[in-house]
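The structure appears below as structure tokens.
The values are calculated or read from the model by the stated rules, or taken from the named source; none is laboratory data. None of the values given here were measured: they were computed from a predicted structure. When we count neighbours, we look across all protein chains shown, and the Cβ atoms used for this are built from the backbone with ideal geometry, even at glycine.
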Amino acid sequence: MAVPVQQYLAVDGSPVELVERSPEPSPVLDRLARLAPWLRRTHVVAEDERLRVSGAFPHGEITFWGPVAGRQLEPFVELLRALATREVDYDTPATPGRLAELTRSVALGVGVSSQCPYCPSVAAAALRIACAGPRVDVVIARADLGLFGDVRAVPTIRVDGVVRRTGPTSEWQLVELVTA
């Protein structure tokens, strides 16, 4: 059974900061900020839409290019709750341990579409990976709006700027890509 967003975000949590760059403040982010008292939001007027998300514990840099909309709302809300509660629901308990072995920083990018059936699960997995520690920076980019370069299929996964995979990808497959 699905839990309503209002109930899902009704948790005691550490502050989560959102820095939104866009022509206008997002009504979706307005609504979420009203539902979660621990959510802090800053809006900066800018042409290119970007959203930077940060929590109170060490994690990778998390940025969304383009509006968070459609099927991308679910992984975004899951991220907010995980950052607020420090409770990340990894697909496998080995994920944080394997990522702790990283000795270098890695850029993980996922090109998505707001209506893609596989994009939410891949985006959610990438966002959980960013929560595992400070070495993996994640960008979720709206490829359907031309914000991720030349993309032929979604989701498209780039590691350090190089396309490594397209299509459905599990959390552990992403871990293997960023630790290779």
Can you spot a residue in segment 88-98 that is surrounded by fewer than 20 Cβ atoms within 10 Å (Cβ to Cβ) and either in contact with a Ser or Thr (Cβ under 7 Å, 6 or more places away or on another chain) or among the basic types (Lys, Arg) (or both)? yes
For TRP38, are the conditions met, namely being at pLDDT 95 or above, of a type in the set (Phe, Trp, Tyr) and within 24 Å of SER113 (Cα to Cα)? no
Qualifying positions in segment 90-112 - assigned to a loop (DSSP other than H, G, I, E, B) and either at pLDDT below 95 or not hydroxyl-bearing (Ser, Thr, Tyr) (or both): ASP91, THR92, PRO93, GLU101, LEU102, ARG104
Selection count, segment 166-178, where residues are farther than 14 Å from ALA130 by Cβ and either assigned to a loop (DSSP other than H, G, I, E, B) or among the β-branched types (Val, Ile, Thr) (or both): 5
If you scan segment 32-62, which residues turn out to be buried (at least 19 other Cβ atoms within 10 Å of the Cβ) and part of a strand (DSSP E or B)? LEU39, LEU51, VAL53, ILE62
Hey, can you tell me all the residues within segment 113-138 that are assigned to a loop (DSSP other than H, G, I, E, B) and either within 14 Å of THR179 (Cβ to Cβ) or of a type in the set (D, E, K, R) (or both)? ALA132, GLY133, ARG135
So ALA153 fits all but one of (1) in contact (Cβ under 8 Å) with a residue 40 or more places away in the chain; (2) assigned to a loop (DSSP other than H, G, I, E, B); what number is the exception? (1)
ARG135 - would you say it is surrounded by fewer than 23 Cβ atoms within 10 Å (Cβ to Cβ), in contact with a Phe, Trp or Tyr (Cβ under 6 Å, 6 or more places away or on another chain) and touching a residue at least 40 places away in the same chain (Cβ under 8 Å)? no
